[in-house]
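I have placed the structure first, in the form of structure tokens, so that the comments after it can refer back to it.
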Amino acid sequence: MSRYDPAAIEARWQKAWEEAGIFKAKADPSKPKYYVLEMFPYPSGRLHMGHVRNYTMGDVIARYKSSTGHAVLHPMGFDAFGMPAENAAMASGGHPKDWTYANIDTMVEQMKPLGLSLDWTRMFATCDPEYYGQQQALFLDMLAAGLIDRKPAVVNWDPVDMTVLANEQVIDGKGWRSGAEVEKRELTQWFFKISDMADELVDALGDLDDWPAKVRLMQENWIGRSRGIEIRFERTDGGDPILCYSTRPDTMRGASFIAVAPDHPVAKALEADRPDLAAFIDECRKMDTTEAAMEKAEKKGIDTGVRVKHPVYPDRELPVWIGNFVLMDYGTGAVFGCPAHDQRDLDFARKYDLPVQNAFYMPGDTTEVGNEALVPAKSEVVSFIDHFAGVGDVTSQEAIDATIDWFEAQGLGTGQTQFRLRDWGLSRQRYWGCPIPVVHCDACGVVPEKKENLPVELPYDNAGEPIDFSIPGNPLDRHPTWRDVPCPACGAPAQRETDTMDTFVDSSWYYTRFTAPRAETPTEPEAVGYWMNVDQYIGGIEHAILHLLYSRFFARAMIKTGHLPETAAEPFDALFTQGMVTHAIYKSVKDGRPVYHYPEEVTLKDGKAFVGEMEVETVPSAKMSKSKNNVVDPQAIVSQFGADTARWFVLSDSPPERDVEWTASGAEAAYKHLTRVWNLCDRIGQMDQSAPGQGDQDLLREMHKCIRDVTSGVESFGFNAAIAKLYAFTATLQKSKASHAAQREAVMTLAQLMAPMTPHLSEDIWAHQGGDGLCARAPWPQADEAMLVEDTVTLPIQINGKRRDEITVAKDMPKDEVEKLVLANDAVVKALGGNAPKKLIVVPGRIVNVVI
RNA sequence: GCCCGCGUGGUGGAAUGGUAGACACAGGGGACUUAAAAUCCCUAGGCAGGAAUGCCGUGCCGGUUCGAGUCCGGCCGCGGGUACCA
């Protein structure tokens, strides 16, 4: 008897698939097409289990769709620009390009043995000049179409390293390398005008039926459409009025101060003459720019001395403060504070001793606000007393609408729809990204590069000398032979833009490029016409907002610039967000800085973790991340047990949308099971073919149930449940005494049902049993409805909602007959004690509940 | 802080509002073996009980319902995102 030998089997079948060329995507008008895409990886250097999980899920779908007669496109590429490559070059010399391509090679080498049904001929990396050159062409078309803007924006500035820092590089307000206090600095930056599309980006979410509701909700909240009002406050000193935006104008009566952003014109105008204001504004400039940090920071302010009149009660004067919590780029950069009905404003008012006055009460109550603001939901009824807009007991929403109408009628303000969504700043002051294809000319201003000069390629070296990445700042700035070029318009000496694009740009259109990856234009009409949209997109929930929103914007921009058909406005028909593979983090502290240890360095003793003799801290269950070193390498599993085991295991234990904590046990169990299946096939192959069997019908009935359950499991991303059914059916088959013919049919069907998960093993079984051609080409088995019909059904009997007994009845037994049987049931008779039940609930085919 | 999720045995988890714990891991018992490994069989939520069986049980508190892991409200804990990590 031979043994299950995955190494031999997997190499053999991978070769057979390659020779048959069955994974090459071929447009075939006679077939329905299916485009399945997993979010492409960043080439960090090694594949981790999260990648394996992601690509295996996609592969299950791709192989399943292929066996149901679809022309499948299942490509792979690399999201290859980004900071880690520059950091690696900074830390250990070398070149980001070399580092990146070496990593890509390694990862492809690691992916190939997994047996994924990928069309490798379509592979590209976003750092290929052929790709980013087309991206530059897209940029120029979008610029011409008015979809791009240039305006000032604030960045994190490290005054010691003289460089711009990413948020990730700012730790407790200090630069990660220099340790210097980070400042804000204003630079002129390029922006995609995504906020112009805010309305349609919200509205279209409603049609994305095959997207998770949570993702649609997150995007809706992120875009944050709100109806509010812009109110004009006149200054008592006759200066320019201050415009405030509010979504809660119903609280206007309680307005007691105005807060403006530190960079609001009112604040800026006073800065020169008021050292105290200047100092406060300066302090605000040093604050962390992230939203989380801003919101969590202590709310502080300073009185400017400026006063405005309350628009409804002109004899009330409101002080104008600068608040560190007001954002210049949302609304008008100024808000009115109503302490009674906003907790933040109340805290602020108590801190700085500002008045608190109710605009309304809850009905029947006139309690003044203490330290808790009165903030009813918009659907709650509130009671307005002495209100200018004449509202009485109404819901807050009605009051908001009435107030907006009233303000508009009085000419004191205008109703406005505001969005939380800001324009997408794409400029990055970094080397390893797609160069922005424009030239700055003293005479002509900003001049787009000519398309025939694309790609604007990144220089590999600097006039023959290696680029020194250890010097902070953007090397393109100190690269005269690359930077200094003639103006494309007038020919005078000019300079290239040295900023590169945000890497989110690269990933916002790659899915269209896969349809014609070598085309001379960004897309190719016939190819996008056939393959778009992506039928199933699969990736991490961490991309729920930014990547997916930017991609949706880009698809629309590509329609406007003629690169996509109208039908591709929503490029991803269905989205599945998988959970992450998590793993404990092992952490120690050295010289005041955290040090992260690799799992393989750690030994576990008595629930404590040690590296050598040193005990280290264990942080349970965190996202696998290169910077935390808690990454598990799948290669060990593959070389020990084979790809089929790795694939089976990552699908078997956890539901795909949930996070899974990686543990070493379990992989072995998967291997044992696959060995069992292989041995089963072997045994059936050696059966006496003429011997009579028993229970053929029972076996085949179970087989058809298994087909039904696995099919629905695969179609609904219930891979773990599908695998549970496969375990159960394998056990049934093992115990079966059925004839050779029935067992052979069962094991071949089993192989087919397992094929999306364990394609190599399935091919081997298929071949052993004399299957026709490749298992991967065989049509998906169909469940025979006639075999699935059951004639009896078991009904649990509940008494007061608790299960007490069960009865088996004919499937179509009428309700009244079931009732008679139930009332005659021993447990029921005993519980009733001669009384009639209060209620008898019979749900046909489901359950019976006797209420006593 | 804000937005969005998640929470079920020792563990991963299953369960269209209808028998909570499928399937699997680890465990316990047994068969085979000189022995071990491998394999196979049985067992298994907790408490009480010899058993039959009873009570309790899906993070916590409350609600809707004949019936709630599932729906609603309020908490607690954990995770993701928070616009320059990808």
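Looking only at region A:413-442, filter to residues that are buried (at least 23 other Cβ atoms within 10 Å of the Cβ) and aromatic (Phe, Trp, Tyr); which one of those is farthest from RNA strand B (Cβ to nearest atom)?
A:Tyr431
Condition check ((1) open to solvent by less than 30 Å² (accessible area, probe 1.4 Å); (2) in contact (Cβ under 8 Å) with a residue 60 or more places away in the chain; (3) more than 16 Å from RNA strand B (Cβ to nearest atom); (4) within 23 Å of A:Thr503 (Cβ to Cβ)) across all residues:
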position: A:Ile400; (1), (2), (3), (4): yes, yes, yes, no
position: A:Gly411; (1), (2), (3), (4): no, no, yes, no
position: A:Cys444; (1), (2), (3), (4): no, no, yes, no
position: A:Pro455; (1), (2), (3), (4): no, yes, yes, yes
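Quick one: how many residues across region A:334-363 are acidic (Asp, Glu) and either open to solvent by less than 40 Å² (accessible area, probe 1.4 Å) or closer than 14 Å to A:Val382 by Cβ (or both)?
Residues that pass the stated criteria total 1.
Given (1) more than 13 Å from RNA strand B (Cβ to nearest atom); (2) modelled with pLDDT under 95; (3) surrounded by fewer than 18 Cβ atoms within 10 Å (Cβ to Cβ), identify the lone condition not met by A:Thr521.
Exception for A:Thr521: condition (2).
Evaluate the following for A:Val850: is it buried (at least 18 other Cβ atoms within 10 Å of the Cβ), within 14 Å of RNA strand B (Cβ to nearest atom) and assigned to a helix (DSSP H, G or I)?
Against the criterion (buried (at least 18 other Cβ atoms within 10 Å of the Cβ), within 14 Å of RNA strand B (Cβ to nearest atom) and assigned to a helix (DSSP H, G or I)), A:Val850 does not qualify.
Hey, among the residues in region A:4-42 that are over 27 Å from A:Gln578 (Cα atoms) and of a type in the set (Gly, Ala, Ser), which one's farthest from RNA strand B (Cβ to nearest atom)?
A:Ser30
Taking the options A:Ala494, A:Ala516, name whichever one is crowded, with 19+ Cβ neighbours inside 10 Å, more than 16 Å from RNA strand B (Cβ to nearest atom) and without any contact (Cβ under 8 Å) to a residue 24 or more places away in the chain.
On inspection, the qualifying residue turns out to be A:Ala516.
Any idea which of A:Val160, A:Val164 is modelled with pLDDT under 95 and open to solvent by 80 Å² or more (accessible area, probe 1.4 Å)?
A:Val160
So which of A:Asp149, A:Asp172 is out of contact with any strand residue (DSSP E or B) (no Cβ under 6 Å at 6 or more places or on another chain), of a type in the set (Asp, Glu) and surrounded by fewer than 19 Cβ atoms within 10 Å (Cβ to Cβ)?
The unique qualifying residue is A:Asp172.
A:Leu116 versus (1) on the phi < 0 side of the Ramachandran plot; (2) within 15 Å of RNA strand B (Cβ to nearest atom): which is the lone unmet condition?
Failed condition: (2).
Tell me which of these A:Met76 doesn't satisfy, since it passes every other one: (1) within 15 Å of RNA strand B (Cβ to nearest atom); (2) at pLDDT below 95; (3) assigned to a loop (DSSP other than H, G, I, E, B).
Just one mismatch for A:Met76, condition (2).
Based on this model, can you work out whether A:Asp461 counts as of a type in the set (D, E, K, R), open to solvent by 20 Å² or more (accessible area, probe 1.4 Å), within 16 Å of RNA strand B (Cβ to nearest atom) and over 30 Å from A:Phe553 (Cα atoms)?
In short, no.
Is there a residue in region A:799-821 that is within 16 Å of RNA strand B (Cβ to nearest atom), of a type in the set (Ser, Thr, Tyr) and either buried (at least 16 other Cβ atoms within 10 Å of the Cβ) or in a helix (DSSP H, G or I) (or both)?
Checked region A:799-821: no residue is within 16 Å of RNA strand B (Cβ to nearest atom), of a type in the set (Ser, Thr, Tyr) and either buried (at least 16 other Cβ atoms within 10 Å of the Cβ) or in a helix (DSSP H, G or I) (or both).
Looking at A:Arg53 and the list (1) open to solvent by less than 20 Å² (accessible area, probe 1.4 Å); (2) within 19 Å of A:Thr126 (Cβ to Cβ); (3) basic (Lys, Arg), which single condition is not satisfied?
(2)
Among the candidates A:Arg253, A:Arg248, which residue alone is among the basic types (Lys, Arg), within 35 Å of the chain's Cα centre (by Cα) and surrounded by 20 or more Cβ atoms within 10 Å (Cβ to Cβ)?
A:Arg248
Take A:Thr56 and decide whether it is within 15 Å of RNA strand B (Cβ to nearest atom), touching a helix residue (DSSP H, G or I) at 6+ places or on another chain (Cβ under 9 Å) and within 29 Å of A:Val650 (Cβ to Cβ).
No; evaluated as a whole, the condition is false for this residue.
Output the qualifying pairs, or none if there are none: Cβ atoms under 7 angstrom, residues six or more apart or on different chains, first residue in region A:112-130 and among the aromatic types (Phe, Trp, Tyr), second residue open to solvent by 10 Å² or more (accessible area, probe 1.4 Å) and part of a loop (DSSP other than H, G, I, E, B).
A:Phe124/A:Pro517
Where the second residue is within 16 Å of RNA strand B (Cβ to nearest atom) and of a type in the set (S, T, N, Q) and the first is on the phi > 0 side of the Ramachandran plot and lies in region A:64-88, which pairs have Cβ atoms under 6 Å and are six or more apart or on separate chains?
Matching pairs, first to second residue: A:Gly82/A:Thr503.
Among all residue pairs at least 6 apart or on different chains, which show Cβ distances below 8 Å where the first residue, located in region A:498-513, is away from RNA strand B (no atom under 13 Å from the Cβ) and the second is in a helix (DSSP H, G or I) and aliphatic (A, V, I, L, M)?
A:Trp509/A:Leu138; A:Trp509/A:Ala555; A:Trp509/A:Met558; A:Thr512/A:Val528; A:Thr512/A:Ala555; A:Thr512/A:Met558; A:Thr512/A:Ala568
Can you find a residue that is open to solvent by less than 50 Å² (accessible area, probe 1.4 Å), more than 16 Å from RNA strand B (Cβ to nearest atom) and touching a His at 6+ places or on another chain (Cβ under 8 Å) anywhere in region A:381-388?
Looking for residues that are open to solvent by less than 50 Å² (accessible area, probe 1.4 Å), more than 16 Å from RNA strand B (Cβ to nearest atom) and touching a His at 6+ places or on another chain (Cβ under 8 Å), one finds none in region A:381-388, hence no.
Hey, which of the helices (runs of 4 or more DSSP H) in region A:684-789, taking only ones fully inside, have at least 1 residues that are buried (at least 18 other Cβ atoms within 10 Å of the Cβ), free of Cβ contacts under 8 Å to residues at least 40 places away in the same chain and within 16 Å of RNA strand B (Cβ to nearest atom)?
By residue number, A:696-715, A:719-735.
Say whether the condition of being outside any loop (DSSP other than H, G, I, E, B) and basic (Lys, Arg) is met by at least one residue in region A:427-434.
There is at least one residue in region A:427-434 that is outside any loop (DSSP other than H, G, I, E, B) and basic (Lys, Arg).
Within region A:197-223, take every residue that is surrounded by fewer than 15 Cβ atoms within 10 Å (Cβ to Cβ) and closer than 18 Å to A:Gly331 by Cβ and give me the one that is nearest to the chain's Cα centre (by Cα).
Filtering region A:197-223 for residues that are surrounded by fewer than 15 Cβ atoms within 10 Å (Cβ to Cβ) and closer than 18 Å to A:Gly331 by Cβ, the one nearest to the chain's Cα centre (by Cα) comes out as A:Asn221.
Taking region A:174-189 on its own, how many of its residues are more than 10 Å from RNA strand B (Cβ to nearest atom) and in a strand (DSSP E or B)?
Residues that pass the stated criteria total 7.
Among the listed residues A:Ile559, A:Ile545, A:Ile541, A:Ile471, which satisfies the condition of being over 21 Å from A:Ile61 (Cβ atoms), open to solvent by 10 Å² or more (accessible area, probe 1.4 Å), under 20 Å from the mean Cα position of the chain (by Cα) and not aromatic (Phe, Trp, Tyr)?
A:Ile545
Give the residues of region A:630-665 that are more than 16 Å from A:Ala724 (Cβ to Cβ), within 9 Å of RNA strand B (Cβ to nearest atom) and modelled with pLDDT of 80 or more, sorted by residue number.
Of everything in region A:630-665, just one residue is more than 16 Å from A:Ala724 (Cβ to Cβ), within 9 Å of RNA strand B (Cβ to nearest atom) and modelled with pLDDT of 80 or more, namely A:Glu657.
The values are calculated or read from the model by the stated rules, or taken from the named source; none is laboratory data. Predicted, not measured: the structure shown is a model, and the values here were computed from it. Here the Cβ is made from the backbone with ideal geometry for all residues, glycine too, and neighbour counts use every protein chain on show. Surface accessibility is based on the protein's heavy atoms, side chains included, excluding ligands, DNA and RNA. Shrake-Rupley method; radii C 1.70, N 1.55, O 1.52, S 1.80 Å.
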